[in-house]
Each structure stands twice: as C-alpha cells, then as structure tokens.
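First up is the structure itself, then whatever we jot down about it.
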Amino acid sequence: MKNIAVFASHGGSDLQAIIDGCKAGKIPARVCVVISNNSGSRALERAKGEGIPAVHLSANSTAAGSLGDEMLAVLHAHKTDIVFLAGYLKKIPAPVLKTYENRIFNIHPSLLPKYGGRGMFGINVHTAVLAAGDTETGITIHRVTAEYDSGDILAQRKVPVHMGDTPESLAARVLEQEHIFLVEFLEGELQ
Ligand code: GRF
C-alpha cells in the first residue's frame, strides 16, 4: 500500500476524488498527509474531516529559506511514497523536487502545452480556451519540475467545448472529468 501526500491550495475536490478512490479500493494507496499553503483552505478541512493529517506550510509561515526542509520533514514523517499536486498553486521547493524526483505529479485543466505556465490556473485557463475558439480542451497529468506546468506529460484526456459554454460551465465539465481521470491514472500508476 503506497502513501500519497496531496498538496492543495483551495477547494480540494480533486483531493476528495483521490481520498474516495483510495477508500473504494480503486487506488491501491492511502492519502497519508495533506499539505496546503492556505491555512483557510477547504482542502485542509476535508482532510481533517477524513482523519487525515492536515498541515499548513507556506513561505510566510516558515523561517526564510526553510520551507523545503520543513516540507521534507512532514513528507518523511508520513512515509510519503509519491506526491500529488491537486490544485496547488505554488512552486515546489528544490529540496523536495530533488528527493522526490519523478515521484511528484500535477493535474492541470488543459491539454498542455496549451494554456499552461504562470497565471494559467483556475478560470483563466477556461477563459483562454473559449477566447481562442477551441472546440476541445482537456486534462493533463505530468511530472513536476521547477517550472509551472512543465515536466513530462504522462496522460491526457480530451473534454469537448460546447456551443454557448461559459468559462464556468467549461470549468465544471473539465473538473468533473478530472475526478474520474485522476483515479484511473493513479490506479494504473500504482499497480
Ligand atoms: C483543478 O482544475 C486542477 O486541474 C487544478 O486545480 C483545480 C483544483 O480543483 N490544478 P479543486 O480545488 O481540487 O476543486
């Protein structure tokens, strides 16, 4: 049974899908800890509600330059095998990238390399897709590097854009598919 540490900044619906996938026995793993840069995040509340250790760690809440080491201490304390970024909006500190090389994954709500990089998160992604007139968008799961939304692409799934979509309606369709896709991905990855 593998231990997954999930990093999330806000709502945590992807986190919830991972927790539920583990509980249902689809993902052969458990969520060992949830880390958020946002002390008021719904993701931390969800973790607490599930009895999962919930840790707030940010550059502002730690001594200068020590965030990476503090993260590593938490990850080691919970015997983390892999790290999954599920709506985590900060860069991962170098010591964590080094220690967990090839074992950190991110889910992004577009078909990367389109609509990725700095500022391309949340509703901004879906607004850009609609502004470009794309007829399809999707989801990407990739390895994490020091840059936003870079790293080897491991899996992608297309999601149709519908006539009359708003950024919000498109975001909802993509997010619904993310919840299915990431469970399937982790199921395969952790076999
Ligand atoms: C998802 O769209 C994910 O692709 C992106 O952030 C969003 C997280 O949603 N990285 P939630 O907070 O899990 O609901």
For the chain, longest principal axis from Cα atoms; helix 167-189 axis from its Cα atoms; angle between them, nearest 10 degrees, is 50 degrees
For the chain, the spread of Cα positions along each principal axis, largest first, Å: 49, 39, 30
Distance in nm between Ala146 and Asp81 label points, each 7 Å along Cα→Cβ, equals 3.0 nm
Looking at the chain as a GNM with Cα springs under 10 Å, which of Ser36, Ser61, Ser13 has the largest mean-square fluctuation? Ser61
Given backbone amide H placed at 1.01 Å from N, residues whose amide H is under 5 Å from that of Thr137, ignoring those fewer than 5 places away on the same chain, are Val159, Val161
Net charge dipole size for the chain [Lys, Arg +1 and Asp, Glu -1 on Cβ; Debye, nearest 20]: 340 debye
Give the separation of the Cα centroids, region 148-191 to region 77-103, in Å. 20 Å
Among Asn38, Asn124, Asn102, determine the one that fluctuates most according to a GNM of the chain built with springs between C-alpha atoms less than 10 Å apart. Asn124
HN-Hα couplings for region 111-124 via Karplus (6.51, -1.76, 1.60; θ = phi - 60°), in whole Hz with x for Gly/Pro, come out as 8, 4, x, 6, 6, x, x, 4, x, 8, 9, x, 5, 4
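Rounded, prolate or oblate: which fits region 112-165, taking a ≥ b ≥ c as square roots of the Cα gyration tensor eigenvalues, rounded meaning a/c under 1.5, else prolate when a/b beats b/c?
Working: a/c = 3.10, a/b = 1.63, b/c = 1.90.
Because a/c hits 1.5 or more and a/b fails to exceed b/c, region 112-165 counts as oblate.
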By how many degrees, between 0 and 90 and to the nearest 10, does the Cα long axis of helix 67-77 differ from the longest principal axis of the chain? 70 degrees
Derived scalar couplings ³J(HN,Hα) [region 153-164; Karplus, 6.51 cos²θ - 1.76 cosθ + 1.60; whole Hz; x for Gly, Pro]: 7, 9, 7, 9, 9, 7, 10, x, 8, 9, 4, x
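Computed FRET efficiency, Cβ-Cβ of Ala59 and Met163, R0 45 Å: what is it to the nearest 0.05? Show your work: numbers first, answer last.
Values: r = 43 Å, r/R0 = 0.96.
About 0.55, to the nearest 0.05.
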Could you state the angle between the C-alpha long axis of helix 13-23 and the longest principal axis of the C-alpha atoms of the chain, as a value from 0 to 90 degrees rounded to the nearest 10? 60 degrees
q = 0.25 Å⁻¹, region 1-69: log10 I(q)/I(0) [Debye, one scatterer per Cα]: -1.04
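P(r) tail for region 68-115, what percent of Cα pairs lie past 15 Å?
Details: 561 of 1128 pairs.
So the portion of pairs separated by more than 15 Å is 50 percent.
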Hey, what do the phi angles of region 88-93 turn into as Karplus ³J(HN,Hα) couplings, whole Hz, using 6.51/-1.76/1.60 and θ = phi - 60°, x for Gly and Pro? 9, 9, 10, 6, 8, x
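Computed from the coordinates by the stated procedures, all read-outs in this text should not be read as laboratory data. What you see is a predicted model; the values in this text were computed from it and never measured. Note that each Cβ is placed from the backbone with ideal geometry, even for glycine, and that neighbours are counted across all protein chains shown.
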